[in-house]
Structures are given as structure tokens and as C-alpha cells.
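Engineer: I have a structure I would like to understand better, so I am pasting it below and will then ask my questions one at a time.
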Ligand code: ARG
């Protein structure tokens with residue numbers, strides 16, 4: 001079903017056309033002055049130039065075609081030519097009732113597309129760090145939003161599992177345990193089922209190797225050699241690499257699960273490998289590559305470029321492939337496997353040049369159709385209070401699980417100090433703390449437009465007031481407890497009556513705007529607007545709750561209608577929280 005705003009637009013467009021004006025002028029928006037009206041149309045102002053008439057004249061010509069419509073309580077013209085609309089309370093109640101009767105609260109769907117969302121991008125054997133946090137939570141939200149709106153969506157983690165870090169770890173492990181069968185080139189037996197390393201080994205081996213490679217040129221060469229041999233299929237290295245992958249992915253899945261993040265595909269850069277040869281052939285056939293200092297490169301600059309656009313390096317003189325090569329090969333794989341209409345890359349904005357280059361070359365080479373959308377959903381950095389990318393106290397990169405644990409610990413402290421603590425067992429306190437901590441982190445991030453940097457401020461994120469995850473959770477908990485109390489008193493939600501107060505009216509109109517907000521967020525690939533509407537809804541509910549003694553209301557019809565409204569609010573908040581993959585504790 002089309003959103004209320006779009007249906008009103010259709011009505012106003014008709015009214016413009018019937019008065020002899022351009023139909024397109026009839027676009028309706030939610031009013032920015034809810035004290036004056038609920039909806040407005042500014043088309044008469046735009047129309048003045050086209051029709052060479054004053055905006056007031058146009059608006060007054062259109063007005064009679066609208067005033068007759070009984071969905072409106074009033075339609076008025078305000079200088080310099082706004083058309084202001086207020087819906088009738090009966091119509092508002094009907095719309096609210098329709099919403100309540102619908103499983104998905106009458107929220108819209110979009111024209112169905114197949115969309116691949118590439119997000120996460122963790123590197124095997126390196127721990128997840130806060131830089132991967134934003135990719136995970138923004139990507140998960142966008143994936144769920146696109147799916148909620150009816151699209152076929154494939155979330156792919158795109159593991160970094162094929163680069164130099166693999167050779168580094170192989171070489172480092174060789175230093176520690178040279179006698180492992182994986183290193184014996186003459187070994188012909190089966191490789192052991194058990195992994196020779198644990199996740200702790202991996203987290204130790206990588207930094208060790210990385211530091212060594214910076215000081216020890218020979219070690220670095222050996223690691224590059226090992227990487228190449230792995231990529232060429234040396235049996236022992238491949239077997240070892242599989243173990244690294246297994247151990248690492250199991251660990252990644254645990255961290256992601258805590259964040260409510262899950263992927264449909266656990267493909268990695270290595271899965272693009274079979275597509276590299278075909279890629280090179282296509283580029284060669286189309287004469288897009290040439291040799292420069294032994295490296296194979298491709299030009300992607302365009303005449304209209306305002307900033308320099310360096311060529312894409314496809315392979316270096318030693319034959320090793322680069323980041324861009326993998327991304328291009330992956331595009332061929334995705335086109336083959338999913339034939340997507342769009343591919344979204346949820347990756348740090350600092351990689352924007354990389355994606356510009358990759359997208360241009362992909363189009364030039366015809367890896368995807370001209371109308372396939374390749375989109376870099378860039379995001380800013382999460383900073384510490386010093387305004388610089390978030391670090392540990394020692395100045396190192398903070399691992400994601402440590403970050404989540406710290407949010408959980410802070411949430412737990414608050415719970416222990418609060419009223420509800422006495423009603424909760426230890427295990428329950430732990431569960432509640434985890435849910436609150438995660439919501440705090442997620443909404444602290446997602447309330448900001450993704451392109452913006454923000455400061456990680458746990459105290460602020462955990463507050464139950466303000467635009468925070470815990471505030472939303474708390475609002476739902478409050479509504480649930482109210483509904484439970486009502487049930488216990490045999491008072492059930494019932495038919496929605498025309499609104500009794502301004503707050504009630506405003507709350508319902510706000511609920512009617514959610515569909516438009518979702519469409520907008522999808523269009524912009526920016527979920528922060530959804531956060532804003534959730535906070536608006538929660539705020540209006542809290543005002544409504546404060547203004548009315550709901551359970552004590554003696555008129556049963558009014559009470560049932562009020563309970564119906566808050567049940568609607570609860571369903572809406574939960575449905576939206578689900579897009580954010582955020583749980584609500586039972587008590588808090
Ligand atoms: N692994 C990369 C990193 O840690 C991110 C990968 C992003 N996705 C992509 N298709 N390039 O920086």
C-alpha cells in the first residue's frame with residue numbers, strides 16, 4: 001500500500017490538474033509546523049513562475065477541489081501561497097485502525113530488486129576491531145531495511161582471507177613449529193583434523209609477524225613467498241590456511257552474533273581467485289590494461305574529473321594481485337551468482353578512491369550492465385574523546401569484544417544500582433546488561449548520519465534519557481508493563497477512536513510518517529532518519545502517558561482505544577528495533 005503522504009499527494013495533484021495547473025505541483029509533505037497543520041503543499045509557490053500567476057491565486061484556485069474532500073477537517077491557504085491540510089479525526093482513526101490490522105503495520109514495499117550488501121570486511125586472523133564495528137552495524141541495518149521493504153538481499157561478509165597477512169602467519173608459525181607436517185613439501189598423508197592453532201595463537205601470531213616483517217626484510221620476503229605459494233595451491237599451506245579460516249570464522253561469528261549481525265554468505269577474497277584469470281582476459285580483450293614499470297595497470301580517469309584519478313593497479317611486477325583486482329573479480333562472481341541490480345559496499349569513507357576506481361573499471365570492462373548500481377556506502381570514523389580514531393588507553397587498536405564487554409560492564413553497574421536489580425537473578429542481570437550495552441553502542445553510532453565522524457561516549461550512550469538505545473528499550477519495557485497491568489485488570493486494547501487530544505493526534509500522525517521515513521532511509525542508505533522517528537514516537541508516547549491516566553480512565557471505550565494506541569506504538573517500535581537487530585530486555 002502506498003503511504004498516506006503519497007496518497008495525499010495523489011489527491012492534491014488531481015486538485016491542481018482539475019484547476020488547470022501542472023499536476024506535478026501537488027507534492028505533499030508533513031508539515032514543519034505541526035501547531036498549524038499536519039500536511040502542507042508548497043506547489044503554488046513553485047507554480048507561480050510556470051503559470052505566471054501569483055502563488056495565492058493558484059492556491060485559492062486549487063482550494064475548492066480539496067475542501068469538499070471529507071478526509072480533511074480543514075484545508076486553508078496561508079500567505080505567500082501554502083496549502084495547509086488537517087485531516088479529520090475520523091479519518092485519522094480509520095487510518096490508525098488499518099495500521100493496527102496489518103501484520104506489517106501498513107508499511108510500504110519498494111519495487112523488488114536484488115541487492116548484494118558487502119559489509120563487515122574483517123580480516124582473517126586479525127581480531128575484529130572498532131573500525132569493523134561501523135561496517136557491521138550500519139551494514140546489518142541497511143540489509144534488514146532493504147529486506148523489510150521487500151527486496152531480495154544477500155549479505156556477504158567479504159572476508160579478507162587472501163592477502164599478505166596469510167603468508168605472514170604461515171611464516172611466523174613456521175618459526176615457532178617448523179616440524180609441523182604442513183611445512184613438509186614431501187608430506188603425502190592426510191592433514192590432521194585438529195587445528196594446530198587456537199584463536200589466541202592467531203591473535204598473537206599476527207601482530208608478532210607484522211612487527212617482524214617491518215624490521216626483518218628476509219622474513220618479509222619469506223611471507224610474500226608463502227602468500228604466493230598459498231595462492232598457487234601448495235597443499236600444506238592450503239590445509240593450514242583452511243584451519244586458520246575455520247578458527248577465525250568461528251570467533252568472528254561469536255562477536256558478530258553479540259551485535260545481532262549475521263551474514264548470508266561467508267565468502268572471502270579467496271573466493272574471487274577463480275575469477276581473476278577471466279578478469280585479466282576481459283581487460284586484455286578490451287584493451288583496457290597496459291604495462292607500466294612491469295605493473296599491469298588500467299586508466300579510469302575521465303575528462304570531467306576535478307581531482308586527479310590515478311590508474312588502477314591490477315598486478316604488480318612480481319605478479320601479485322591487489323585489492324582492486326580482488327574487488328573486480330568479486331564483481332564477476334556476484335554477477336554470475338546473483339545477477340544483482342545493486343551492490344552496496346559498506347566500507348570506511350577513506351576507501352572512496354578505491355571504490356571509484358573499481359566501479360569505473362567494472363563499467364568500462366562491462367563486468368556488470370550499465371544500469372547495475374555499484375554504490376559505496378561510506379562512513380566516518382568512531383573517535384575517542386580526543387577527536388581521533390578510537391584507541392585503547394595504551395594507544396593500541398581496541399578489539400571489538402573488549403569494547404562490547406566494557407559497554408556491558410558499564411550497563412551492569414547501572415542495573416545493580418537500580419530499583420529493578422532486586423527482581424533479577426544474576427543470569428538475568430547479565431542478559432539485561434548485554435542487551436543494554438549493545439543497544440547503547442549501536443544507537444550511539446546509528447543516530448549519526450553515517451558519513452559523519454562521532455565521539456564514542458559510553459556514559460551518554462547508556463543514558464535512559466536522550467536519543468539513546470536504552471531510552472528506546474526503556475520505552476518499550478514501560479509500554480509492555482502497562483499493557484500487562486491492563487490485562488491483569490481485564491482491560492484490553494480495543495477499537496481506535498478519533499483522537500481525544502493534540503498529543504494523541506500528533507502521535508498517530510507521527511506513526512503515519514514512518515513508511516515515508518523508511519523509503520527515504522533506503523533511498524539515501526542512511527538509517528539515522530529511522531532513529532530520529534523512533535525517538536519522536538517514543539517522546540510522544542511518553543508525553544501521552546504523562547498526560548493521561550490510562551488505567552484509571554473510566555470510560556471503557558476510551559480506555560480500550562488508548563490501550564490500542566500504545567499497543568500500536570509498541571508494535572511499531574519493536575518492528576523498527578528489529579530492523580536495527582536490537583533486542584529489548586524484559587525488565588530494566
Ligand atoms: N578487509 C578490508 C579492510 O579491513 C575491507 C573490505 C571491504 N570490502 C570490499 N569489498 N573491499 O579494510
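Taken together, the values in this text are just the output of simple stated rules run on the coordinates, not laboratory data. Since the structure is predicted, the reported quantities are computational estimates derived from the model, not experimental observations. Counting neighbours? That spans all protein chains shown, and the Cβs are built from the backbone with ideal geometry, glycine included.
Engineer: Over the alpha-carbon set of region 309-394, divide Rg by the Kirkwood Rh and report the Rg/Rh ratio to two decimals.
Structural biologist: 1.08
Engineer: For Cα pairs less than 8 Å apart in space and 6+ apart in sequence, what is the mean separation divided by the residue count of the chain, i.e. the relative contact order in percent?
Structural biologist: Worked out over the chain, it gives 14 percent.
Engineer: Name the shape class, rounded, prolate or oblate, that the alpha-carbon gyration tensor gives for the chain, where a ≥ b ≥ c are the square roots of its eigenvalues, rounded holds for a/c under 1.5, and otherwise prolate holds if a/b is larger than b/c and oblate otherwise.
Structural biologist: Verdict is oblate for the chain.
Engineer: Related question: Please compute the Kirkwood hydrodynamic radius over region 238-374, one decimal place, Å, based on all pairs of different Cα atoms.
Structural biologist: 16.7 Å
Engineer: Compute log10 of I(q)/I(0) for region 340-471 with the Debye formula, placing one identical point scatterer on every Cα and leaving out solvent, at q = 0.09 Å⁻¹, to two decimals.
Structural biologist: -0.40
Engineer: Could you order peptides 15-28, 151-164 by the average number of other Cβ atoms within 10 Å of their residues, highest first?
Structural biologist: Top of the packing list down: 151-164, 15-28.
Engineer: Using Cα centres only, tell me the gap between region 480-525 and region 127-145 in whole Å.
Structural biologist: 29 Å
Engineer: Taking the highest mean first, how do the peptides 564-576, 407-419 order by number of other beta carbon atoms within 10 angstrom per residue?
Structural biologist: Ranking the peptides 564-576, 407-419 by packing returns 564-576, 407-419.
Engineer: Rounded, prolate or oblate: pick one for region 467-520, where a ≥ b ≥ c are the square roots of the eigenvalues of its C-alpha gyration tensor, a/c under 1.5 means rounded, and failing that, prolate if a/b is larger than b/c, else oblate.
Structural biologist: Judged from the Cα gyration tensor, region 467-520 comes out oblate (a/c at least 1.5, b/c at or above a/b).
Engineer: Return one number: the angle in degrees, 0 to 90 and rounded to the nearest 10, between the long axis of the Cα atoms of helix 352-364 and the longest principal axis of the Cα atoms of the chain.
Structural biologist: Tilt relative to the chain: about 90 degrees.
Engineer: Could you tell me, in Å, what Rg and Dmax come out for the Cα atoms of region 84-230?
Structural biologist: Looking at region 84-230, its Cα Rg and Dmax stand at 25.9, 84 Å.
Engineer: So what is the diffusion coefficient of region 542-588 in µm² per second by Stokes-Einstein at 4 °C and 1.567 mPa s, using a Kirkwood Rh over Cα pairs?
Structural biologist: Estimated via Stokes-Einstein, D reaches 106 µm²/s.
Engineer: Next question, about the same structure. Could you calculate, for region 498-588, the ratio of the Cα radius of gyration to the Kirkwood radius, expressed as Rg to Rh?
Structural biologist: For region 498-588, the value is 1.01.
Engineer: At q = 0.11, 0.14, 0.24 Å⁻¹, what is the base-10 log of I(q)/I(0) for region 428-523 according to the Debye formula with one equal point scatterer per Cα and no solvent? Please give it to two decimals.
Structural biologist: -0.51, -0.80, -1.21
Engineer: Got a sec? How would 531, 41, 181 order by Cβ neighbour count within 10 Å, fewest to most?
Structural biologist: Least crowded to most crowded, the residues run 181, 531, 41.
Engineer: On to the next question. Treat region 203-288 as a sphere of radius equal to its Kirkwood radius over Cα pairs and apply Stokes-Einstein at 4 °C in a medium of 1.567 mPa s; give the translational diffusion coefficient in µm²/s, rounded to a whole number.
Structural biologist: Rounded to a whole number, D works out at 81 µm²/s.
Engineer: For every helix of n ≥ 4 consecutive DSSP H residues, a contribution of -39,500 (n - 2.57) applies; sum these over the chain, divide by its total residues, and give [θ] at 222 nm rounded to the nearest 500 deg cm²/dmol.
Structural biologist: The per-residue figure over the chain is -17500 deg cm²/dmol.
Engineer: Antiparallel versus total DSSP beta bridges in region 299-457: what percent is that, nearest 5?
Structural biologist: Here the share of antiparallel DSSP bridges comes out near 20 percent.
Engineer: Continuing with the same structure: Can you tell me the 0 to 90 degree angle between the C-alpha axis of helix 55-67 and the longest principal axis of the chain, rounded to 10?
Structural biologist: Long axis of 55-67 versus the principal axis of the chain: about 70 degrees.
Engineer: While we're looking at this one, here's another question. Find the Rg to Rh ratio for region 1-148, where Rh is the Kirkwood radius over alpha-carbon pairs and Rg uses the same atoms.
Structural biologist: Result for region 1-148 is an Rg/Rh of 1.18.
Engineer: Using only C-alpha positions, report the orientation-averaged shadow area of the convex hull of region 146-187, nm², one decimal.
Structural biologist: Average projection, Cα convex hull of region 146-187: 5.2 nm².
Engineer: If you take the alpha carbon radius of gyration of region 167-212 and divide it by 2.2 N^0.38 Å, what ratio comes out, to two decimals?
Structural biologist: 1.21
Engineer: So what are the radius of gyration and Dmax for the Cα set of region 151-266, in Å?
Structural biologist: Taking only Cα atoms of region 151-266, I get Rg and Dmax of 15.5, 52 Å.
Engineer: Okay, next question. Out of all DSSP beta bridges in the chain, what portion is antiparallel? Express it as a percent rounded to 5.
Structural biologist: Given both bridge residues lie in the chain, the antiparallel proportion sits at roughly 50 percent.
Engineer: Taking each pair of distinct Cα atoms in region 405-471 once, what is the resulting Kirkwood hydrodynamic radius in Å?
Structural biologist: Across region 405-471, the inverse of the average 1/r is 12.2 Å.
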